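For reference, the structure is listed below as structure tokens.
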Amino acid sequence: MDGGMKTLVFPLAAAALLTGCLYADIRSPRAYRSASPSEVKASAADELVQGVACNHFVLYLVAWGKGGYAEATRKALEGRPEAVLYDVKTDIKVKAYLLGLYARTCTSVTGKAGRL
Amino acid sequence: MSALLALALALCGPARAQEKEAYEAKPGLIPAGGILLFYDSVGPLSFETLAPSQVPPGSRPLGELRARSCQYGLSIPLALSLRSLSLSGAGGNGGYRKALERLKRERPEAAGLFDVKVDLRLTSVLGIFRRLCTEVSGRGFARG
């Protein structure tokens, strides 16, 4: 390893040991006021849609993702710009492998796509 | 009979005490550990939003609108150790009110939001700098 690489790696390793995290940019769900069937133009033919948005965690050092409601609902209504979700169920799903060296937390939004 | 009733009440009491309230306020404040030098922060608590049916009749749709407000934190480690203490501080206004005031400034015609989603965005660099943002998104409407 040359001197330049050492000067780069050492501060990063020291920072990781000090703090346990090099960089994180994640979104987590907080609140979602979804509609009930009586609040939209619901019909029996409305399609059931699902959107999943995830945050990823690697080696306890780096975390990234858009695991919030905004991204999950956007994915659920992809290609249906005029639709609105109703009768919504939300779940959180966590997967971790190798003592948590890689982990993923996902927000899942399931509902029917209705019209306003 | 009275002994049985007393036993039933005794058993039911703790169970009732463990029941959760229908609504629990959970503030979204930025965490600060170590030796706290200062803390002056506002976080989201609750936001009573509109259902689609509550939008005033004759309103004009504005499409998807987004607003954001943030809290910031600094944490300076005192030694090169995993368990070392740190000096920390946090501040900023990451509350709903600030986010919605910002939205009102950017889109003065917006009268309100419905179909509202709220996410918390955490950005952290080396654990030294942290930012916790309240991100509000929803469908906006303007008065006809």
Residues B:LEU113, B:LEU100, B:LEU126: which one is of a type outside the set (Gly, Ala, Ser) and either in contact with a Lys or Arg (Cβ under 9 Å, 6 or more places away or on another chain) or surrounded by fewer than 16 Cβ atoms within 10 Å (Cβ to Cβ) (or both)?
B:LEU113
Those residues of segment B:88-144 which are farther than 18 Å from B:SER46 by Cα and within 7 Å of chain A (Cβ to nearest Cβ), in sequence order:
B:LEU122, B:THR123, B:SER124, B:VAL125, B:LEU126, B:GLY127, B:ILE128
Which of the following residues is in contact (Cβ under 8 Å) with a residue 24 or more places away in the chain, more than 17 Å from B:VAL118 (Cβ to Cβ), part of a strand (DSSP E or B) and among the polar types (S, T, N, Q): A:THR110, A:THR90?
A:THR110
Please specify each residue of segment A:1-21 satisfying the condition of being facing chain B (nearest Cβ under 7 Å) and either assigned to a helix (DSSP H, G or I) or modelled with pLDDT of 90 or more (or both).
A:ALA14, A:ALA15, A:LEU17, A:LEU18, A:THR19
Quick check on this structure: which one of B:SER124, B:SER69, B:SER84 is touching a strand residue (DSSP E or B) at 6+ places or on another chain (Cβ under 6 Å), touching a residue at least 24 places away in the same chain (Cβ under 8 Å) and among the hydroxyl-bearing types (Ser, Thr, Tyr)?
B:SER69
What are the residue pairs meeting all of these: first residue in segment B:42-58, first residue in a loop (DSSP other than H, G, I, E, B), second residue modelled with pLDDT under 85, Cβ atoms under 6 Å, and 6 or more apart or on different chains?
B:GLY43/B:PRO27; B:LEU45/B:ALA25; B:LEU45/B:PRO27; B:GLY58/B:GLY144
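The values are calculated or read from the model by the stated rules, or taken from the named source; none is laboratory data. Bear in mind the structure is a predicted one, so any value in this text is a computation, not a measurement. No Cβ is skipped: glycine too gets one built from the backbone with ideal geometry, and neighbour counts run over all protein chains shown.
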